[in-house]
Each structure stands twice: as C-alpha cells, then as structure tokens.
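K.L.:
Pasting in a structure now, in structure tokens, and then I'll have a few things to ask.
The values are calculated or read from the model by the stated rules, or taken from the named source; none is laboratory data. Note that the structure is a prediction, hence the values are computed from the model and not measured. Using ideal geometry, Cβ is built from the backbone for each residue, glycine included, and neighbour counts are taken over all protein chains shown. Keep in mind that these areas ignore ligands, DNA and RNA; they rest on the heavy atoms of the full protein, side chains included. Shrake-Rupley method; radii C 1.70, N 1.55, O 1.52, S 1.80 Å.
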Amino acid sequence: MSVIGFDTSNYTTSIAFFDGKDGVNCSELLPVREGELGLRQSDAVFQHTKSLPALSGRLFSSISVDEITAVGVSTRPRAVDGSYMPCFMVGYSHAKLLADALQVPLVQCSHQQGHVAASLWSANRLDLMDVPHLAWHLSGGTTELLLVEPDGKNVKCTCIGGTSDISAGQLIDRTGQLLGLPFPSGRHLDALWQQAENTDVFRVKCPGLTFSLSGVQNKVSAYYDSCGSREETAAYALRCICYAVLTATKNGMKQYPGLPVVFSGGVASNAMLRKALEPINPIFSAPDFARDNAMGVAVLTHRCTEE
C-alpha cells in the first residue's frame with residue numbers, strides 16, 4: 001500500500017510518496033523577487049502551476065503508479081472555519097485529477113496537520129499521533145502552540161498559545177531584509193549568529209502562553225543601528241525568539257503536565273532554537289521535514305486509508 005501527497009503552500013511546491021515506512025519528498029521553493037518579503041497569492045498560484053509538472057515527473061520516474069492506493073492533499077492552512085488560501089487549490093486540482101485517473105480515494109487535510117505528521121514521522125515518533133501532545137508550528141506565517149489530540153486516524157490541532165501579532169518567521173525575514181539578506185532569511189541568520197560573541201537579549205513578556213513579537217522588530221532595528229554588526233544582530237533577533245518560545249513552552253508544560261512537546265515548521269530547523277530548547281527534552285523533526293513538505297500529507301493519507 002503506497003500513497004501520494006501534495007502540498008502547495010505559499011512558499012513551497014511539494015509532492016511526496018509514502019509506503020507506510022519510507023518515503024520520498026520532491027519540493028521546490030517558490031522564487032521571490034529580490035528585496036521583497038513574500039509573494040502575492042496570484043504569483044504563488046502561477047509558480048505552483050509551473051513547478052508541479054516537473055516535480056511530479058521527478059517523483060514518478062522512480063515509482064510505479066500501479067502501487068498507488070490513495071492520494072492526499074492539503075487544502076487549507078488550518079482545519080478551522082474560514083481558513084483559506086488560493087494557492088492550495090493548485091495542489092487540490094492536481095490531486096483530484098490523479099485520484100480520479102487512478103480511481104483511488106482522495107484524502108484531504110490541512111497544511112498544519114501535515115506539518116505535525118511530518119515532524120512525528122521524521123522524528124520516528126508516529127506513536128504520538130494516537131495520544132495528546134503539545135506541538136509548535138513555527139513558520140513564516142504561523143507561530144502557534146497547539147494542543148494536538150487524536151481525531152480518528154488524523155489529528156485535531158487546537159491553538160492554545162503563540163504570538164499575538166507577527167510570526168517568528170516574519171521577524172526573521174524582516175531582520176534579514178534589514179541586514180540585506182535573501183528571502184527567506186532563516187538559513188542565512190542561522191549561519192550569521194554562529195559568528196557572534198555577545199549574549200544580549202530582549203526578554204519578551206510572556207506571563208502565559210501568548211506573547212508579542214511586533215515590538216521586538218523595533219528592538220532589532222535599534223540594536224543594528226547601535227552595533228552595526230550583521231552577526232550580532234542576527235544572534236540578537238534569534239535569542240529574542242528563543243526566549244519567547246522557551247518561556248511559553250515551559251508555561252504550557254505546567255498547564256499540560258506530562259505531555260511531550262513537538263516542534264515543526266521552517267523556524268524549528270534553526271540551530272540556536274534547538275540548542276536553547278534542549279533542557280525541556282523537545283521532539284524535533286528532521287530539518288528537511290521541518291520546512292514545508294508533502295510528506296506529512298502522505299503519512300496522513302496512508303493512515304487514513306490503511307485497513
């Protein structure tokens with residue numbers, strides 16, 4: 001029993017194969033014009049439409065369609081009312097066409113549910129799909145602390161905390177723009193901070209599970225003006241994010257004692273964050289599967305259709 005998964009997020013086109021144990025994910029980052037901080041939905045739809053044929057060609061060159069028993073696709077950012085982005089319709093249209101042509105079931109899930117599944121699969125912890133746990137979704141558009149609970153073969157993700165304004169990924173990309181770095185800026189800041197020596201940090205207020213990062217952007221700009229160092233500024237911005245996420249996580253672990261904490265999303269691949277969170281014994285996805293990918297969608301599809 002093997003399945004195909006599609007995910008067409010705002011920044012990555014991806015298609016994956018999964019046989020219940022092993023898988024292959026083919027993905028491509030959407031191009032963003034120099035100096036810009038993202039894509040309009042119309043541009044994302046166009047780029048996905050261009051990218052999917054080549055990616056599917058790469059994937060299907062190494063597998064047989066005779067093996068495919070189901071097709072899955074993420075159709076919206078979150079599994080809540082009103083969650084919608086046009087770019088997900090590109091993946092849906094391709095997935096529906098493939099499922100109809102192969103006469104196999106089509107499984108629909110959210111982008112966020114796919115992130116949770118991908119992180120658990122890559123961390124070899126799919127057992128957590130069947131029990132409650134906490135999960136962070138840290139990305140360019142999302143910084144949410146989730147209570148994840150079993151929902152049949154899928155999972156239910158309830159937001160219980162996170163940022164009240166801009167996401168961690170937005171702060172990283174705006175810092176990258178300030179420092180003249182390409183978009184997305186995560187891996188560039190990750191390289192720069194490791195050359196820094198200072199330990200300055202702005203302690204973001206987080207009395208509960210929610211915090212604000214919009215003020216940190218002004219702190220980062222002022223810090224860069226004062227020191228003039230890209231390395232130290234990158235480290236400063238990341239330390240602020242780490243402090244906020246660690247504080248909220250500790251508070252969450254007090255409110256939900258005994259639950260393990262999983263980290264997914266592109267920001268979760270950051271080396272400083274991973275080191276800062278070591279004291280709480282976090283579960284991290286493999287870096288390649290922290291970023292947007294279709295593997296989680298394929299994992300969920302396999303679970304939802306297996307006998």
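K.L.:
Residue pairs, Cβ under 8 Å, 6 or more apart or interchain, first in the range 36-62 and part of a loop (DSSP other than H, G, I, E, B), second of a type in the set (Asp, Glu) and open to solvent by less than 50 Å² (accessible area, probe 1.4 Å). List them.
P.N.:
Hits for this filter: Leu37/Asp173; Gly38/Asp173.
K.L.:
Here's something else I'd like to know. Do any helices (runs of 4 or more DSSP H) entirely within the range 141-258 hold 1 or more residues that are touching a Phe, Trp or Tyr at 6+ places or on another chain (Cβ under 9 Å) and open to solvent by less than 30 Å² (accessible area, probe 1.4 Å), and if so, which? Write out each step before concluding.
P.N.:
Working: elements: 168-178, 186-193, 214-227, 230-255.
Correct list: 168-178, 214-227, 230-255.
K.L.:
Hey, another quick one. Any chance you could count how many residues in the range 274-296 are surrounded by fewer than 23 Cβ atoms within 10 Å (Cβ to Cβ) and assigned to a helix (DSSP H, G or I)?
P.N.:
So in the range 274-296, the residues surrounded by fewer than 23 Cβ atoms within 10 Å (Cβ to Cβ) come out as 274-284, 286-288.
Add one more test, that the residue is assigned to a helix (DSSP H, G or I), and what stays is 274-276, 278-280, 287-288.
Count: 8.
K.L.:
If I go through the range 259-273 residue by residue, how many of them are crowded, with 22+ Cβ neighbours inside 10 Å and in a loop (DSSP other than H, G, I, E, B)?
P.N.:
2
K.L.:
Which numbered condition in (1) more than 22 Å from the chain's Cα centre (by Cα); (2) surrounded by fewer than 15 Cβ atoms within 10 Å (Cβ to Cβ) is the only one that Thr69 fails?
P.N.:
All conditions are met except number (2).
K.L.:
Considering only residues that are surrounded by 24 or more Cβ atoms within 10 Å (Cβ to Cβ) and either touching a helix residue (DSSP H, G or I) at 6+ places or on another chain (Cβ under 6 Å) or among the β-branched types (Val, Ile, Thr) (or both), which ones fall in the range 11-24?
P.N.:
Within the range 11-24, Thr13, Ile15, Ala16, Phe18 qualify.
K.L.:
Considering only the range 120-154, how many residues are free of Cβ contacts under 8 Å to residues at least 60 places away in the same chain and over 12 Å from the mean Cα position of the chain (by Cα)?
P.N.:
Taking the range 120-154 and keeping what is free of Cβ contacts under 8 Å to residues at least 60 places away in the same chain, we get 124, 127, 130-131, 144, 146, 149-151.
Then keep just the ones that are over 12 Å from the mean Cα position of the chain (by Cα); that gives 124, 127, 130-131, 146, 149-151.
Number satisfying all stated conditions: 8.
K.L.:
Is the range 160-181 home to any residue that is farther than 22 Å from Gly38 by Cα and within 18 Å of the chain's Cα centre (by Cα)?
P.N.:
Let us first name the residues in the range 160-181 that are farther than 22 Å from Gly38 by Cα, namely 160-161.
Among the residues that remain, those that are also within 18 Å of the chain's Cα centre (by Cα) are: 160-161.
Scanning the range 160-181 turns up at least one residue that is farther than 22 Å from Gly38 by Cα and within 18 Å of the chain's Cα centre (by Cα).
K.L.:
Sticking with this structure for a sec: Do you know which residues across the range 81-104 are part of a loop (DSSP other than H, G, I, E, B) and open to solvent by 70 Å² or more (accessible area, probe 1.4 Å)?
P.N.:
Step one: filter the range 81-104 for residues part of a loop (DSSP other than H, G, I, E, B), giving 81-87, 103-104.
Across the range 81-104, the qualifying residues are Asp81, Gly82, Tyr84, Gln103.
K.L.:
Just one of the numbered conditions (1) out of contact with any Gly (no Cβ under 9 Å at 6 or more places or on another chain); (2) assigned to a helix (DSSP H, G or I); (3) more than 24 Å from Pro184 (Cβ to Cβ) is not true of His302; which one?
P.N.:
(1)
K.L.:
In the range 91-109, is there at least one residue being more than 16 Å from the chain's Cα centre (by Cα) and of a type in the set (Ser, Thr, Tyr)?
P.N.:
Let us first name the residues in the range 91-109 that are more than 16 Å from the chain's Cα centre (by Cα), namely 91-108.
Applying the additional criterion that residues be of a type in the set (Ser, Thr, Tyr) yields 92-93.
Within the range 91-109 (the criterion being more than 16 Å from the chain's Cα centre (by Cα) and of a type in the set (Ser, Thr, Tyr)), the answer is yes, since at least one residue qualifies.
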